[in-house]
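Following: one structure in structure tokens, then a few remarks.
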Amino acid sequence: MIKFHKSEILFFLLLAFAGGVFAASVFAVSQNIILIAVALSIGIIGVSAYHNTFSRAGILAGALLFVFALGIIRFNYVSLSKSILSQFSDIEAGSSPSSKNSGGASRGVAVLLRGYIDDEPAYKNGKAQIIFRVKQIILRGEVFRVDERTIISANVFPKYQYGDFLEINGALKTPQNFDDFDYVNYLKKESVATTMSFPKIKTDGAVELGLFEKMKLGFYKKIFAVKNKFELAVSRSLAEPNASFVNGILLGSRQEIPEKLKEAFNKTGTSHILAVSGYNITIIAEAVLWALVWFFRRRKAFWLSAGLIIFFSIMTGASASVARAAIMGLLLLFASGYGRLSDAKNSIVLAGAAMVFLNPMILVFDVSFQLSFMAVLGLAFVYPLLNYKTEKISKIAGQIGEFVKSLKEIILMTLSAQFFVFPLLVYYFKNLSLVSVVANVLVLPFVPAAMLLGFLFGLAGIIFVPLGRIVGFAAWAITAYQIKVIEFFASLPFASVAVSFTWVALIIIYPILFFGLWRMKKRILL
């Protein structure tokens, strides 16, 4: 009989919970099926405990089924939670919220919303998208107190900022799914259940807030104000597209990057450098750690890299997705910084399961979380194996062994992170980059230097623009090299090919990858 270690049992239980959340995300699981699964799991555990022969295997099987059912229950609880704003959406003239039109085809009755902008406005396709925190809703003179978010589509001008108190007059709508995209659940992961298109907006919607909410609002307003000044200083001190590239790798700002350059990043599989995800944060943090160990002891270099992650997260606004990515990056960085990379696996899986428990929507509907989790898993599972297989390289190198060892480390980390991320990138972007590995190896080692110099000349530019331009020359040289490399590989006729497959194929690919790693590890141990 196979015996599992306690850590392996915990891993399987966490995987079962995630499996339940995934099943509920993809399929409509009825209440009856959940009750049957719970009853069956309890029955299996009871029978197995009574018959000692099959006790361990049976109890584990029953526990896995029970935790799987808990995953379904958790997703359904969050997904089916009632939104107060939804009761005021799609209301026809002469109707009350309780008798609203479920079809949502009419224009609807305008309601008055008061609250504040709860995130940085995004600008795309000639319109602004505003995440609005509603604190009051007024309909026919009656005031309802709420605390929910809605998405407002508005004109680009006038410009609004995070924390602005607004009074909005318009008709709430229930979002609809696209043909191949579950838009409703995608919005739910951001705690949004309604939308509003081009309402009347006034800047006098101040409402009373609690002490904690006031402190949060004041803190983030200052953060975004510094971020905006920094972006402006970079833009004034550096020519385009280098300025947009620096703002992208430092702050995750992609709005000003030319579409042609974005396409080049996509073709070369380097777009993760500009994305605020664990894929981005982990690779950059590991690269910074690799660079710092040349000047500091490994543990001191670790704390400096960890500080960079925290600073990076705050400067980008510390949204929920950024916070999740930062936690993943810090977990792996901690293990790497203290030389215990192989011990990080359960911590990473536990952290991922905790995030999914808090917000079950992210497992299927948050690409950033998926990239973060898979990149960190790749570094935790794949890197030790690749490092073992190539450990002779540094010894053969002789006197230049340390340099080769450091170069080998950053290359292996790049390959390890991409091992699990690659299928996701192909699935979502319908594009298979044939130059991704080479482009990443040539570009990524210079990202820490570009970040450091970009940060320094951004600060200098805030103080005095000419000083920023002088300091920014070195940053221009490095980013010019990176951009040229990316554009060169993107211009190759074989740079990428169009590839498309379904999510069913995706969930088949990953077990195959894990099985291959497991077999490789078994051979090494033998």
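The values are calculated or read from the model by the stated rules, or taken from the named source; none is laboratory data. Since the structure is predicted, the reported quantities are computational estimates derived from the model, not experimental observations. Positions of Cβ are backbone-derived with ideal geometry, glycine not excepted, and every protein chain shown enters the neighbour counts.
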How many of the residues making up the stretch 481-526 are more than 21 Å from Leu442 (Cα to Cα), at pLDDT 85 or above and surrounded by 14 or more Cβ atoms within 10 Å (Cβ to Cβ)? 4
State whether one or more residues within the stretch 155-177 are within 29 Å of Ala24 (Cβ to Cβ), at pLDDT below 90 and surrounded by fewer than 16 Cβ atoms within 10 Å (Cβ to Cβ). yes
Selection within the stretch 245-276 - farther than 14 Å from Phe429 by Cα and modelled with pLDDT of 80 or more: Phe245, Val246, Asn247, Gly248, Ile257, Pro258, Glu259, Lys260, Leu261
Just to be sure before I move on: is Gly46 more than 18 Å from Ala16 (Cβ to Cβ) and either assigned to a helix (DSSP H, G or I) or not charged (D, E, K, R) (or both) in the structure I sent? yes
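Tally time: how many residues in the stretch 437-450 are modelled with pLDDT under 85 and touching a helix residue (DSSP H, G or I) at 6+ places or on another chain (Cβ under 6 Å)?
9
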Filter the stretch 133-142 for residues that are over 16 Å from Leu209 (Cα atoms) and in a strand (DSSP E or B) and give the result. Ile138, Leu139, Glu142
Answer yes or no: is there a residue in the stretch 235-245 that is surrounded by 22 or more Cβ atoms within 10 Å (Cβ to Cβ) and under 22 Å from Val437 (Cα atoms). yes
Ala460 versus (1) over 27 Å from the mean Cα position of the chain (by Cα); (2) within 26 Å of Lys260 (Cβ to Cβ): which is the lone unmet condition? (2)
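So if I check each of Val349, Val288, which one is at pLDDT 80 or above and in a helix (DSSP H, G or I)? Reasoning before the result, please.
Numbers: Val288 fails: at pLDDT 80 or above.
That would be Val349, the only listed residue that is at pLDDT 80 or above and in a helix (DSSP H, G or I).
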So, of the residues in the stretch 154-204 that are among the small types (Gly, Ala, Ser) and part of a loop (DSSP other than H, G, I, E, B), which turns out to be farthest from Lys216 (Cα to Cα)? Ala171
